[in-house]
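Worksheet: one structure, shown below.
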Amino acid sequence: MRIYLDNCCYNRPYDAQTQFKISMETRAKLYIQDQIRVKKYELADSFMLEFENSFNPNIISRAAIQEFREKYRTVFVPIERREQLQSKIDEIMLTGVKYKDAVHVACAVYAHCIYFITTDTRLLKYKSSVIKLINPINFTQLEE
């Protein structure tokens, strides 16, 4: 099964862990990463993840995220595919999704992902018949 984690999901372990929800999302995200390492899931990656991560002010987390993505990705959607993605990006944005988030979702669809995993509650409101958007906690519960 191919999945896509967005930038906020990758950064969740580096957020302050004082709120229970954040702490649980972190644990779930780290569990998902472990499952990717043992090849239970295929990881899709994109130029937008590369771009957003390059602006991460925390050098250590930026490097760790980049290293994981590069080592474990099964498929990469390069910037050269952006033109092909534009109609899907526009379609997603018509529902109120912001540009960068729309690019992430379009890349995940292009990469034939089944799940798009995010901690962004606003983005989770987007509904698609092509891909399922889900919080990392809920994704880990699918296995039960």
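Any read-out appearing in this document is the output of simple, stated calculations on the displayed coordinates, not a laboratory observation. From a predicted model like this one, the values you see are computed outputs, not experimental measurements. When we count neighbours, we look across all protein chains shown, and the Cβ atoms used for this are built from the backbone with ideal geometry, even at glycine.
Odds and ends about this structure:
- Spherically averaged projected area of the convex hull of Cα atoms, the range 1-73: 4.7 nm².
- Only lysines eight or more places from K40 in sequence, or on another chain, were considered; those with a Cα closer than 26 Å are K21, K29, K71, K127, K132.
- Between D34 and M93, full extension at 0.36 nm per residue minus the direct alpha carbon distance yields a gain of 18.0 nm.
- The angle separating the long axis of helix 99-110 from the principal Cα axis of greatest extent in the chain is about 90 degrees.
- For the peptides 28-41, 86-99, 4-17, the ranking by packing is 4-17, 28-41, 86-99, with the highest mean count of neighbouring Cβ atoms within 10 Å listed first.
- Here the convex hull built on the C-alpha positions of the range 57-144 has a volume of 135 cubic angstrom per residue.
- Distance in nm between pseudo-label sites at E67 and E83 (7 Å out along the Cβ direction from Cα): 3.7 nm
- Rounded to the nearest Hz, the phi-derived 3J(HN,Hα) couplings of the range 35-44 under the Karplus curve 6.51 cos²θ - 1.76 cosθ + 1.60 (θ = phi - 60°) are 5, 5, 4, 8, 6, 6, 10, 8, 9, 9, where x marks glycine and proline.
- Length-normalised contact order for the range 14-94 - Cα pairs under 8 Å, 6+ apart - percent: 31 percent
- For the pair S23 and H112, the difference between a 0.36 nm per residue extended length and the Cα-Cα distance amounts to 29.1 nm.
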